[in-house]
Amino acid sequence: MFLHQCVLRGGLPFSVEIPQYNKQTLEAMKEAKRISRDPEIQGYASMEELKEALEK
């Protein structure tokens, strides 16, 4: 089906674009990357563990 659409449209059947993120999104992505690499940040194996930690 994908190849058929490529032939019919003479190219990809969707537009190819580079995403344009706003400043807030870029900052959130940087923070998420920093948190994911920080060994001092507590991680949780399940939602139950997270809920218990939040209740403390």
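Conditions tested, residue by residue: (1) more than 19 Å from the chain's Cα centre (by Cα); (2) surrounded by 10 or more Cβ atoms within 10 Å (Cβ to Cβ); (3) modelled with pLDDT of 95 or more.
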site	(1), (2), (3)
Gln5	yes, yes, yes
Leu8	yes, no, yes
Gly11	yes, yes, yes
Pro19	no, no, no
Lys30	no, yes, yes
Ile35	no, yes, no
Ile41	yes, no, no
Met47	yes, no, yes
Glu52	yes, yes, no
Condition test on Leu26, is it open to solvent by 100 Å² or more (accessible area, probe 1.4 Å) and part of a helix (DSSP H, G or I)?
no
So, first residue closer than 26 Å to Phe2 by Cβ in region 14-32, second residue in a helix (DSSP H, G or I), Cβ within less than 7 Å, six or more apart or across chains; the pairs are none
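The values are calculated or read from the model by the stated rules, or taken from the named source; none is laboratory data. Keep in mind it's a predicted model, so treat the numbers as computed, not measured. Quick reminder, even Gly has a Cβ in these numbers, built from the backbone with ideal geometry, and neighbours come from all protein chains shown. Each accessible area value is taken on the protein alone, full model and side chains, heavy atoms only, with ligands, DNA and RNA left out. Shrake-Rupley method; radii C 1.70, N 1.55, O 1.52, S 1.80 Å.
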